[in-house]
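Accompanying notes for the structure given below.
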């Protein structure tokens, strides 16, 4: 990553509420507080690292409004509402420079069915496959080696990275962003046990990804048995996550890596699942509920609550049990003492 | 998904044991009991939803033989041996309409080694790669962007979906179905620690998938160090599952999402692993054993038993321990009271 | 796998310290002790299987130097420093025969940007995509359907298997080996919650894989928010592992299947993570620390220690708690008895 920002460019981009100190350096890199060298920009995003600000060698530091203290020589503090958001603005600018939007058009090595409808403003990269009946909207970018199966419909301003597979009849609304290797519309895992064998139940539903959904690398979203698996607007899903068939996920949820959500379960809006959580089938996780890492959810979770543990239960209950579990050696001794006294 | 079934077509396809009521509607959709509208077909597959039958707006309902009660106006009940199996029949019919078997032949953008042997009745899709020495049987369908490495042998009526990779020298028998992104024959994870470094042990065995095996999206099956990793007839594996090298899996097993099975372990026939289970190496999980979600299996599991927990132990033992764990706050109080009385 | 080794070839390749017995058989296979037939070579790699040596039908057995006992008729024991390493040598020989290094050159179906620099000694397989600014070193082999994004730099003697994706601006040093479907340089999972929505923080850093790194099938390594995600020399990563953004992994670590490492965490050299471990963000796992299967690491782990459990704690502490937990039924009875006596 190569960057070069003058102080003037930074001021105009980041619009700090307050500026302390000054630097003559051109900013040529971004780094964490401890690793930054002169010429770098750094920031305090997590209060955990506050003590590292004064010793940071960064030339420009993005700090929260309530930060007290003065910069060193040839160093400047920009006080902003939210240092992480300010950094995001800067990174967004860098991203546009690094990876400018490709020109519209279809790469000569891509294969597009004559029965597909691809916007003149879309970009279809090398070795892509687009089957019959597919519709692809304006400014959407299929990077290399993307597969879109028959009848699927992709909106505008989407970015499908290399190796993404969209199976038949799925729907992606606008600004959907899929990391490499994400699979949308694989068969749901449904069998009936008949005569000593597992007989496949064909999965003839589809998947809908609403506006602004993002899905991580090598994650999988199964198509519904019938009707649809739906992921709501603005929901962000990390890598290697499994979404089962007929799952409904609300708006603006966060689902971290390695989570698995079993069939026909509903997550309401603003749910957060930490990493490696498992959620059983036919359950509801209520609005804005939070589930701790590695939890095993085997009953519905009320809205607004926080659960953890396996099986998951209210956060404070599990916390207390964990503390008592750690006191078991002491408890066994206390009981032994009582027995000796009896 | 667009469907249109008349009552006559449904009767002839589903052959219900008993019919109650009648409807004039053409069936144009399938939906869950609560979501169904007039014109939809619904079903009672899970007794949990029994109460929703009477209020369902579906025009046709598939119900178990012992269901009591009468349909509403313009509504018909079909009583069948197994509503889920009946639905599967219907979905299978829909699937054939939606995704008719493609014509045999090799897509012009596929690359087939001149030293490969592909049946005239097979279908090889866009951008596929088939290396030297590969054999592909009748009616097998490689969807787009499938890779088959040198010397691998694929039987008849298989369906390999986009992005599937079959590494060298693997064997797929008949009717094997692989979801997008499944990897068959990646190297086993084997190293020897010599002189401060991990030295790779080349993995020169292979993988065999027996008849009717199905493997989920982005799952991985490692090739053996030598000899073979084998998955038995009719076994169904969900998404994002890891099967280690030299593992032997029996017939008709069910392995849910995110399970990992370490090297050289054996699962006998009819084993069921729920989601996110880990099984250690060099163990045996006996015939028809069941392992609960997120369990960590670190010793062999006797046939016919059910285990859960981390580390896994018999289901009832773990259940009892979990109940007692939840009573720890009470136990600490009881001990304290005893101490005060002493 | 077809092999054929005469006794002379084996002696010259394996150089045993001691030979007991003799066989006239040509070795045509490798198998486990219990499964081996005459004509096979077998070995004692795990002391657990020692009892199987005397009944093994293998014609050649690789055994540790301290093995006592004599071979049967037409059977030979080779005593070697490390039977697994000896076997690795043999498998390496077999691997070279099975999968000889392909000739250098670019497959006619690959697409290489005119602005990429590919060594004349590299091999680029069918349907690969190599974008502008990419550099690929001598003897590196891109198997079929590999994607390398703009500006990435790949060293010498690397092997990227089918379906691998290298995103933009990443660096692979020498002898890096990536299993099928591995994703290097997917976006880190970073959002700021602003106005009820998760706003993406562009991830403009990269990933560096040092010399001799190996990464398993369908594993994912996220690019950094800025600066880099780094995996140190000789580290080996299994299948379906998630490495978050800005993670730093030291040299010669082992990370087993389904592990997930959250953002900005550091693993020092020689760390070992067993399967399905989760490590939280912004932590340090110290040099040569070991983490047990399915552990949930939510605080930093001191160098040289061993932890397990969820949340993870020192191995012996957790072991003791687990033993006491299993004695809870007894403890409840003892407390009840005390209450009755009072």
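The values are calculated or read from the model by the stated rules, or taken from the named source; none is laboratory data. Computed from a predicted structure; not experimentally measured. Neighbour counts are summed over all protein chains in view; Cβ atoms, including those assigned to glycine, are modelled from backbone coordinates with ideal geometry.
Below are the figures for this structure:
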quantity: Unique match (being farther than 16 Å from residue A:323 by Cα, at pLDDT 95 or above and touching a strand residue (DSSP E or B) at 6+ places or on another chain (Cβ under 8 Å)) among B:307, B:335; calculated: B:307
quantity: Residue in the stretch C:89-102 that is in contact with a helix residue (DSSP H, G or I) (Cβ under 9 Å, 6 or more places away or on another chain) and assigned to a loop (DSSP other than H, G, I, E, B) present; calculated: no
quantity: Counted residues, the stretch C:312-342 - those being within 7 Å of another protein chain (Cβ to nearest Cβ) and touching a helix residue (DSSP H, G or I) at 6+ places or on another chain (Cβ under 8 Å); calculated: 14
quantity: Residues being closer than 17 Å to residue C:205 by Cβ and not in a helix (DSSP H, G or I) - total across the stretch A:78-88; calculated: 0
quantity: The stretch B:149-184, residues that are more than 21 Å from the chain's Cα centre (by Cα) and under 15 Å from residue B:220 (Cα atoms); calculated: B:167, B:168
quantity: Scan of the stretch B:250-268 for residues that are within 10 Å of the chain's Cα centre (by Cα) and in a strand (DSSP E or B), ordered by number; calculated: B:254, B:255
quantity: Enumeration of residues in the stretch B:131-145 that are more than 9 Å from chain C (Cβ to nearest Cβ) and either closer than 22 Å to residue C:146 by Cβ or touching a helix residue (DSSP H, G or I) at 6+ places or on another chain (Cβ under 6 Å) (or both); calculated: B:132, B:133, B:134, B:142, B:143, B:144
quantity: Residue B:192 being assigned by TED's automatic domain parsing to the domain that holds residue B:140 and in contact with a strand residue (DSSP E or B) (Cβ under 6 Å, 6 or more places away or on another chain); calculated: yes
quantity: Subset of the stretch A:257-273 [closer than 17 Å to residue B:294 by Cα and crowded, with 23+ Cβ neighbours inside 10 Å]; calculated: A:257, A:258, A:259, A:260, A:261, A:262, A:273
quantity: Search result, residues across the stretch A:289-311 that are more than 11 Å from chain C (Cβ to nearest Cβ) and assigned to a loop (DSSP other than H, G, I, E, B); calculated: A:289, A:298, A:299, A:300, A:302, A:303, A:304, A:305, A:311
quantity: Number of the exception - residue C:119 against (1) within 30 Å of residue C:146 (Cα to Cα); (2) surrounded by fewer than 22 Cβ atoms within 10 Å (Cβ to Cβ); (3) in contact with a strand residue (DSSP E or B) (Cβ under 8 Å, 6 or more places away or on another chain); (4) modelled with pLDDT under 95; calculated: (4)
quantity: Residues that are farther than 17 Å from residue A:18 by Cα and under 33 Å from the mean Cα position of the chain (by Cα), drawn from the stretch A:54-79; calculated: A:54, A:55, A:56, A:57, A:58
quantity: Among residues of the stretch A:134-148, those that are farther than 20 Å from residue A:219 by Cβ and surrounded by 19 or more Cβ atoms within 10 Å (Cβ to Cβ), counted; calculated: 3
quantity: Candidate set from the stretch C:250-265 (those that are touching a residue at least 24 places away in the same chain (Cβ under 8 Å) and under 29 Å from residue B:182 (Cβ atoms)); member that is nearest to the other protein chains (Cβ to nearest Cβ); calculated: C:257
quantity: Any chance residue C:90 is without any contact (Cβ under 8 Å) to a residue 60 or more places away in the chain and either buried (at least 19 other Cβ atoms within 10 Å of the Cβ) or within 19 Å of residue B:282 (Cβ to Cβ) (or both); calculated: no
quantity: Where residue B:101 falls short, out of the listed (1) without any contact (Cβ under 8 Å) to a residue 12 or more places away in the chain; (2) more than 10 Å from chain A (Cβ to nearest Cβ); calculated: (1)
quantity: Top-ranked residue of the stretch B:274-288 - restricted to ones that are in a loop (DSSP other than H, G, I, E, B) and within 12 Å of chain A (Cβ to nearest Cβ), ranked as farthest from residue C:294 (Cα to Cα); calculated: B:288
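Residue-wise test of (1) in the same structural domain as residue C:208 (by TED's automatic domain parsing); (2) in contact with a helix residue (DSSP H, G or I) (Cβ under 6 Å, 6 or more places away or on another chain); (3) within 25 Å of residue C:187 (Cβ to Cβ).
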site	(1), (2), (3)
C:244	yes, no, yes
C:251	yes, no, no
C:272	yes, no, no
C:276	yes, no, yes
C:279	yes, no, yes
C:284	yes, no, yes
C:295	yes, no, no
C:309	yes, yes, no
